[in-house]
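Worksheet: the structure to be examined is printed underneath.
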Protein chains: 2
Amino acid sequence: MDSMGIIMARKQTAADQALRLDNQICFAVYSTAHAFNRVYKPLLDRLGLTYPQYLVMLALWERDDVPVKDLGERLFLDSGTLTPLLKRLEAAELIRRTRSTEDERLVLIALTAQGQALREKAKVVPQSILAASACSVGELLAMKDEIVSLRDRLNAVLGE
Amino acid sequence: MDSMGIIMARKQTAADQALRLDNQICFAVYSTAHAFNRVYKPLLDRLGLTYPQYLVMLALWERDDVPVKDLGERLFLDSGTLTPLLKRLEAAELIRRTRSTEDERLVLIALTAQGQALREKAKVVPQSILAASACSVGELLAMKDEIVSLRDRLNAVLGE
DNA sequence: ATAATTCATATTGCGCACAATCTAATTTTG
DNA sequence: CAAAATTAGATTGTGCGCAATATGAATTAT
């Protein structure tokens with residue numbers, strides 16, 4: 001009876017451990033994403049951007065004149081998120097949304113002169129974040145690669 | 001002039017690299033959080049919970065009869081997020097919200113019998129996530145610790 | 001060529017997430 | 001003790017994030 005009790009107690013402990021908030025990598029990722037957001041906020045306020053808008057601008061600074069779909073694939077976001085966000089960026093005159101004449105299903109997103117110009121102001125952002133992370137570039141890059149590889153495995157499961 | 005040109009080109013490249021989407025650890029964290037959310041969704045649908053609600057339940061399964069503030073500190077969320085979320089959990093009869101008689105500023109959150117019972121059904125969740133991550137427990141824990149340490153450094157900067 | 005399917009985007013509805021503001025209760029201070 | 005400051009929580013408004021659905025254009029299959 002006692003030995004059974006011990007076995008049960010150990011089994012419970014294993015399952016209980018798995019349900020502990022502290023042990024959940026997902027909560028670590030979730031809460032870190034929020035922490036980043038809060039660190040970015042004052043920096044991005046100066047640019048007049050939210051963090052998701054900043055991500056869209058980063059993507060466009062690399063390559064613009066692209067359909068919404070393309071942005072969605074690069075950022076892992078769908079049209080329900082991007083359409084209103086892009087309309088706000090258009091209202092801020094950072095981008096233009098034009099229906100493609102070749103394939104009228106496509107809405108092409110292009111930077112305005114202002115949108116291009118904002119890139120210069122944005123250059124100070126990454127170094128501020130680096131400082132806040134109190135981490136070396138090497139450590140951060142290594143960690144980033146691990147996280148990305150985890151993300152890609154998760155997304156692979158979803159694709160099945 | 002040519003050497004100056006090279007120097008400028010190198011400087012630009014360094015700044016440009018920092019603005020690349022791929023190089024941003026924050027985007028890695030952000031997109032991984034979304035990937036986790038999408039993997040959790042079908043599992044949590046069976047429990048009738050969203051991911052943030054699941055986090056609240058995890059916290060309560062560890063310790064309930066706590067004020068909203070306490071939950072907020074454990075989850076890094078504020079009352080603007082928690083109040084409506086907790087009202088939905090109350091509507092689902094998983095928790096009870098009662099104003100403390102000792103300090104009437106406090107709203108104490110306690111699990112109902114249903115809320116307690118849900119814990120058993122939730123025990124299958126972590127192992128499903130582990131499988132989806134295609135990662136060993138050891139690797140995940142190591143990664144989790146790194147991410148948490150990064151999060152805590154970011155939060156420390158915010159606290160200044 | 002027409003019908004069926006697929007595709008890109010938009011819309012709606014719900015649930016976070018957080019800043020800013022408000023109310024009411026407690027604590028601190030003079 | 002009374003005034004001031006602090007605290008806990010609720011409310012409001014804005015912006016994601018995504019599921020479900022709708023619309024219209026392009027592709028394909030017949």
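Here are some notes:
- Between A:A142, A:A91, A:A131, the residue with the greatest mean-square fluctuation in the GNM of chain A (Cα pairs under 10 Å linked by springs) is A:A142.
- Sparsely packed loop sites in region A:89-131 (the GluC sites (Glu not before Pro) outside DSSP H, G, I, E and B with at most 10 other Cβ atoms within 10 Å) comprise A:E102, A:E104.
- Ascending list, in nanometres, of distances separating the B:V124 label from those of the other copies (7 Å, Cα toward Cβ): 5.4
- Calculated FRET value between A:A15 and A:V157, using beta carbons and R₀ = 35 Å, to 0.05: 0.95
- Cross-link table B:K69/B:K144; B:K121/B:K144; B:K41/B:K69; A:K144/B:K121; A:K41/B:K121, entries beyond 32 Å C-alpha to C-alpha: A:K144/B:K121; A:K41/B:K121
- The distance from the alpha carbon centre of region B:139-160 to that of region A:88-160 is 23 Å, rounded to a whole number.
- Computing FRET efficiency as 1/(1 + (r/R0)^6) for A:R99 and B:E102, where r is the C-beta to C-beta distance and R0 is 56 Å, gives about 0.35.
- Cα-based helix-to-principal-axis angle, B:79-91 vs chain B, degrees rounded to 10: 40
- Within chain B, longest stretch clear of exposed trypsin sites (Lys or Arg not before Pro) (DSSP loop, no more than 10 other Cβ within 10 Å): B:1-62
- Note: relative contact order over chain B, using C-alpha pairs below 8 Å and six or more positions apart, is 16 percent.
- Pair-distance distribution of chain A: all C-alpha pairs, bin width 10 Å, starting at 0; shares per bin in whole percent are 8, 27, 29, 18, 8, 5, 3, 1.
- Of every Cα-Cα pair in region A:55-101, the percent that sits beyond 15 Å: 38
- Shape class for region B:24-72, computed from the alpha carbon gyration tensor (a ≥ b ≥ c): oblate, with a/c not under 1.5 and a/b at or below b/c.
- Once the Cα atoms are used to define both axes, helix A:51-62 deviates from the longest principal axis of chain A by about 60 degrees.
- Angle in degrees between helix A:113-122 and the longest Cα principal axis of chain A, rounded to the nearest 10: 40
- Extended-chain gain in nm, criterion 0.36 nm per residue less alpha-carbon gap, B:L130 and B:A117: 2.4 nm
Rule-based calculations on the coordinates, nothing more; no lab input. If you're wondering where the values come from, they're calculated on a predicted model, not measured in any experiment. Glycine gets a Cβ as well: all are built from the backbone with ideal geometry, and neighbour counts include every protein chain shown.
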